[in-house]
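In what follows, a single structure is set out as structure tokens and then discussed.
Values in this text are rule-based calculations from the coordinates and carry no lab data. Just so it is clear, the model here is predicted, and its values are computed rather than measured. Every residue, glycine as well, gets a Cβ built from its backbone with ideal geometry; the counts of neighbours run over all protein chains shown.
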Amino acid sequence: MERITDYQVIIIGSGPAGCTAALYLSRANIKVLVLEGMQPGGQLTITTEVENYPGFPEGILGPKLMEEMRKQAERFGATFSALEPVEHVRFTTHPFEVQTDSKLYEAPAVIVASGASAKQIGLPSEQALLGFGVSSCATCDGFFFKGKEIVVVGGGDSAMEEATFLTKFATKVTVVHRREELRASKIMQDRARNNPKIEFIFNTTVDEVIGAKETGVTALKLRNLVTNEITDFATQGLFVAIGHTPNTAPYVGQLELDQAGYICLPYRNSTVTNIQGVFACGDVVDHIYRQAITAAGSGCMAALDCERWLTHERITERWDLPKGEEERVGP
């Protein structure tokens, strides 16, 4: 396997966090490689119009925004490698190793910006209409459903939060849940149940999404899990709110993860992980905000932390390292 040692920093992930980190590091004259993975540009590449990213008063297409971010980082010398998913990493020795299906990269520092993937129902029709009436982000896409009737799938806090938020735009929001009772906390349930725009359908799953890219979503085929009856349910949008999965499989056993699989950042006001020289940013550490702008901001933080660390300024010495805690590895 080819071993490559040409880079000072390897960034895993090419969404807003990874691209911003690449921009800042390359402008600091640090040689950077961005491993884009199988979805170059991250989750924004499967959205249509982005209207809440600052600097674009008329909005911008998600893929176009990520293309511009990449070009800006490349202008200052960052290198991007597409379709190279990370299979293994070795953070227990230094320099660190990052292995893809065909190459083994070595670098003094690594920034993990691999993001998180929204869980999907798993329907071909759902995938075909993603970004064309099917969404997994109410904050991102809710505005486009102003005056429409829509469906939210899910029964947890995220689903209740999405449904409540969407009532700002939609005339009616129907929550479809596979169980007889919601899993959400009582306060979130009460908030949704007391909203006159929200209705509920229990013991039901979505079997098919009906529509086309030209027309958007027009209906859903719903299956009652008690009677097995299938009915057509007219709607103009589908929001899937059944959770997110952080893309952290290669780091299990090396980086500290929380119970949901997100990377932990143990030091206050820092993007450093439990291993000195390995930083994390974006949705791979954030299960609360999950916005392009917050991901980009944390990518900037990771780049600045990484740059300082490469110049031998220990992050944990500057930000309240707990007494007795020792650094794992160093340059």
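Of interest is the spacing of the C-alpha centroids, which for the range 248-295 and the range 55-91 amounts to 19 Å.
Close amide H contacts of residue 50 (hydrogens built in the peptide plane, cut-off under 5 Å, sequence separation of 5 or more or a different chain): 60, 61, 62. Between the helical axis of 16-27 and the longest alpha-carbon principal axis of the chain there is an angle of about 20 degrees. In terms of Cα atoms, the Rg and Dmax of the range 124-240 work out to 13.2, 40 Å.
Do the alpha carbons of any pairs in 119/221; 31/64; 71/103; 119/213; 31/213 sit beyond 30 Å of each other, and which pairs? If you can, show how the numbers build up before the last one.
Working: 119/221 20 Å; 31/64 25 Å; 71/103 24 Å; 119/213 21 Å; 31/213 41 Å.
Too far apart for the 30 Å limit: 31/213.
Only beta bridges with both residues in the chain are counted; by DSSP, about 45 percent of them are antiparallel. Secondary-structure-derived ellipticity at 222 nm for the chain, considering helices only, amounts to -6500 deg cm²/dmol, per-run term -39500 (n - 2.57) for DSSP H runs with n ≥ 4. Residues with amide H under 5 Å of residue 100's amide H, sequence separation 5 or more or different chain, H placed in the peptide plane at 1.01 Å from N; which? Distant-sequence amide H within range of residue 100: 87, 105.
For the chain, 19, 264, 281, 300, 306 have no disulfide-compatible partner, since no other Cys C-beta lies under 4.7 Å from theirs.
In nm, what is the difference between 0.36 nm times the number of residues separating residue 258 and residue 5 and their Cα-Cα distance?
On the way: separation 253, 0.36 × 253 = 91.08 nm, distance 3.14 nm.
Fully extending the segment from residue 258 to residue 5 adds 87.9 nm.
In the range 1-130, Cα pairs under 8 Å separated by at least six residues give a relative contact order of 34 percent.
Taking the fewest neighbouring Cβ atoms within 10 Å as the starting point, the ordered list for 169, 143 is 143, 169.
Build a GNM of the chain with springs between Cα atoms under 10 Å apart, and of 301, 160, 38 the one that fluctuates most is 38.
Multiply the residue separation of residue 201 and residue 225 by 0.36 nm, subtract the distance between their alpha-carbon atoms, and state the gained length in nm to one decimal.
On the way: separation 24, 0.36 × 24 = 8.64 nm, distance 1.12 nm.
Contour length minus the Cα-Cα distance gives 7.5 nm.
Take the chain, drop everything but the C-alpha atoms, weight them equally and run the Debye formula without solvent; then report log10 I(q)/I(0) at 0.12 Å⁻¹ to two decimals. Reported log10 I(q)/I(0), two decimals: -0.86. Where both bridge residues fall in the range 124-240, DSSP classifies roughly 45% of the beta bridges as antiparallel. Dipole size of the chain about its Cα centre, with +1 on Lys/Arg Cβ and -1 on Asp/Glu Cβ: approximately 500 debye, rounded to the nearest 20.
Just want the ordering: 137, 281, from fewest to most Cβ atoms lying within 10 Å of their own Cβ. Please list the in-between numbers first.
Working: 137 18, 281 35.
Result, fewest neighbours first: 137, 281.
How would 207, 101 line up from fewest to most surrounding beta-carbon atoms within 10 angstrom? Please report the intermediate quantities before stating the final value.
Values: 207 14, 101 10.
By the 10 Å Cβ count, ascending: 101, 207.
In this rough spin-label picture, where each label sits 7 Å from Cα along the Cβ direction, the residue 212-residue 104 distance is 5.3 nm.
Grab the Cα-Cα distance for residue 127 and residue 92, subtract it from 0.36 nm times how many residues apart they are, and report the gain in nm with one decimal. If you can, show how the numbers build up before the last one.
Working: separation 35, 0.36 × 35 = 12.60 nm, distance 3.84 nm.
8.8 nm is the gain from fully extending residue 127 to residue 92.
Across the chain, C-alpha contacts under 8 Å between residues 6 or more apart give a mean separation that, scaled by the residue count, equals a relative contact order of 20 percent.
Assuming a ≥ b ≥ c are the square roots of the Cα gyration tensor eigenvalues, decide whether the range 17-146 counts as rounded (a/c under 1.5), prolate (otherwise, with a/b larger than b/c) or oblate. Walk me through the numbers before you get to the answer.
Numbers: a/c = 2.74, a/b = 1.53, b/c = 1.79.
Verdict is oblate for the range 17-146.
3J(HN,Hα) couplings calculated from phi for the range 139-149 with the Karplus curve 6.51 cos²θ - 1.76 cosθ + 1.60 (θ = phi - 60°) are, in sequence order, 4, 6, 10, x, 4, 6, 10, 5, x, 10, 9 Hz; Gly and Pro show x.
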